[in-house]
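Asker: Please read through the structure below; I'll follow up with questions.
No value in this document is a laboratory result; all are computed from the given coordinates. Note that the structure is a prediction, hence the values are computed from the model and not measured. Note that each Cβ is placed from the backbone with ideal geometry, even for glycine, and that neighbours are counted across all protein chains shown.
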Amino acid sequence: MAYMRMFRTIWRFLLAVQLLPALEEGGGEETLVGGQALLEGVMMRSPHAWAIACRKPSGEITTHREPLERLSEKHPWMAWPVVRGVMTLGHAMMLGFRALKFSANIALEQFQDDQSQQPSEVHNPQKKIEINGWLAALNVAFSLGFFIFMYKFVPLVAATELKRVSPLFGQQIIFNLVDGAIRIALFLLFIWGVSRMRDVHRVFEYHGAEHKTVFAFENGDPLEVRAVQKYTTYHPRCGTSFLMTVMIISILVYTVVPVTTFWARFAVRIALLPLIAGLSYEIIRFAAKHRGSLFALMTAPGLWLQRITTQPPSDDQAQCAIVALEEAMTLEKQNGGELVIA
């Protein structure tokens, strides 16, 4: 039974990495707070600090916090429009992966504590069980390959095959609309499918707790469970909204690139990923500040999708998110950060 729990933890970690972009919540370095759902916990970050709070099976909350370097302060060019989106996304993904790995190792540490109660002949107390660098690197490589294959290669193959059904599907605009529709359908099917899993559903509950806590902070409410729980779980800066915006923007960008062969189109889809991510970041950023704008309508599908990727949290889960934010803010103050809500 204990070993089943260990393998289940590793499986949850591997699956959560596939969902990493959707679990992120931020909006850029101008944003005071953002965060991410973890395995039985939440990571929160401020401009100069980040912190993790994870709940052990015993009910105890364990925390970790570190100072955070603000990239644009060291490299001003990283604050340029479009560029800042690419850099912010890359930095957030690396930070989010570290946080996920930490939360998985906390669960594995609990497993090892349980095993230490067993007779020595069935347990080696000297061997520490954790997500090592090789496993983490392989999972990142698999995640990248899965993304390219599922959301770039497969839709392109399907759209190309449809040209044989009718010449209409070979027209540039129609072709890219069909390609984009297939890509979005595959993404929605994947999100819906994994949401049916109990472990992923719990991660989505922590995702909701993170959103509620950020809302409470942004509105100046006390970081208390009752105050946090009154807010919605749908946040405009969520990674789910970002991914949906990326998929919509990609349709427009691919349409204006004059390539027609299969491999040229596939190469364009890979090469233009940074540009599309940067443009999507700018749209999300603008829409968050101008809720009534046309660009805000473009981010609406992402908010609708959060009905799946965020779920109402329990009070214990909300408390976990609160502790993570308080830890980040404590370190932010120590680093001289100005906690002024825009």
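Asker: Can you work out the FRET efficiency for the pair MET94 and ILE173, with r the C-beta to C-beta distance and R0 = 30 Å, to the nearest 0.05?
Answerer: With a Förster radius of 30 Å, E is 0.25.
Asker: Right, another one. Please compute the length gained on full extension between TRP304 and PHE7, using 0.36 nm multiplied by the number of residues separating them and subtracting their Cα-Cα distance.
Answerer: Using 0.36 nm per residue and subtracting the Cα-Cα distance, I get 103.6 nm.
Asker: Which entry in [x] 0.95; [y] 1.00; [z] 0.97 is this structure's computed Rg/Rh (Cα atoms, Kirkwood Rh)?
Answerer: Comparing each candidate, only [y] matches the computed number.
Asker: To continue, here is another question. Only loop residues by DSSP count here, and only those with at most 12 other Cβ atoms within 10 Å; note down the GluC sites (Glu not before Pro) in segment 37-72 that meet that.
Answerer: When the GluC sites (Glu not before Pro) of segment 37-72 are filtered for loop state and at most 12 Cβ neighbours within 10 Å, GLU60, GLU69 remain.
Asker: Another one. Quick check: the angle from helix 239-255's long axis to the longest principal axis of the chain, C-alpha only, nearest 10 degrees?
Answerer: It is inclined by approximately 20 degrees.
Asker: Now for a separate question. Please give the FRET efficiency for PHE153 paired with ARG198, using the beta carbon to beta carbon distance and R0 = 30 Å, rounded to the nearest 0.05.
Answerer: 0.45
Asker: Can you pull the one-decimal nm distance between simple spin-label points at VAL82 and PHE190, each 7 Å off the Cα toward Cβ?
Answerer: It is 2.6 nm.
Asker: Tell me, what is the FRET efficiency for GLN334 and LYS74 to the nearest 0.05, using R0 = 30 angstrom and their Cβ-Cβ distance as r?
Answerer: Calculated transfer efficiency: 0.95.
Asker: In nm, to one decimal, how far is the modelled label at PHE142 from the one at VAL256, with both set 7 Å along Cα→Cβ?
Answerer: 3.9 nm
Asker: Explain nothing, just the number: dipole magnitude of segment 2-334 about its Cα centre with +1 on each Lys and Arg Cβ and -1 on each Asp and Glu Cβ, in debye rounded to the nearest 20.
Answerer: 1020 debye
Asker: How big, on average over all directions, is the shadow cast by the Cα convex hull of segment 214-314, in nm²?
Answerer: Mean projected area for segment 214-314: 7.9 nm², to one decimal.
Asker: Run the simple label-point estimate for ASP221 and SER166 please: 7 Å along Cα→C-beta, distance reported in nm.
Answerer: Between ASP221 and SER166, the label points sit 5.0 nm apart.
Asker: Follow-up. Choose one of ALA288, ALA264, GLY145: the residue whose Cα lies farthest towards the positive end of the charge dipole of the chain (beta-carbon charges +1 Lys, Arg; -1 Asp, Glu; about the Cα centre).
Answerer: Farthest towards the positive end: ALA264.
Asker: While we're here: Using DSSP to define loop residues, name the trypsin sites (Lys or Arg not before Pro) in segment 134-225 whose beta-carbon has at most 12 other beta-carbon atoms within 10 Å.
Answerer: For trypsin sites (Lys or Arg not before Pro) across segment 134-225 that sit outside H, G, I, E and B with at most 12 neighbouring Cβ atoms in 10 Å, the list reads ARG164, ARG196.
Asker: Something else about it: Please name which of ALA51, PHE102, PHE187 has its Cα lying farthest along the dipole of segment 2-334 towards the positive end, using unit charges on Cβ (Lys, Arg +1; Asp, Glu -1) and the Cα centre as origin.
Answerer: Among ALA51, PHE102, PHE187, the one farthest towards the positive end of the dipole of segment 2-334 is PHE187.
Asker: If one takes the longest principal axis of the Cα atoms in the chain, at what angle in degrees, from 0 to 90 and to the nearest 10, does the Cα axis of helix 83-115 lie?
Answerer: Between helix and principal axis, roughly 40 degrees.
Asker: Please go through segment 244-291 and write out the trypsin sites (Lys or Arg not before Pro) that DSSP classes as loop and that have at most 10 other C-beta atoms within 10 Å.
Answerer: Passing sites in segment 244-291 are ARG291.
Asker: Ok, one more. Where does helix 315-334 land angle-wise versus the long Cα axis of the chain, in degrees 0 to 90, nearest 10?
Answerer: 90 degrees
Asker: Rank LEU162, GLN319, GLY90 by how far each Cα sits towards the positive end of the charge dipole of the chain (+1 on Lys, Arg Cβ; -1 on Asp, Glu Cβ) and give me just the farthest.
Answerer: LEU162
Asker: Provide Rg over Rh for segment 127-224; use the alpha carbon set for both Rg and the Kirkwood Rh (inverse mean inverse pair distance).
Answerer: Radius of gyration relative to Kirkwood radius: 1.18.
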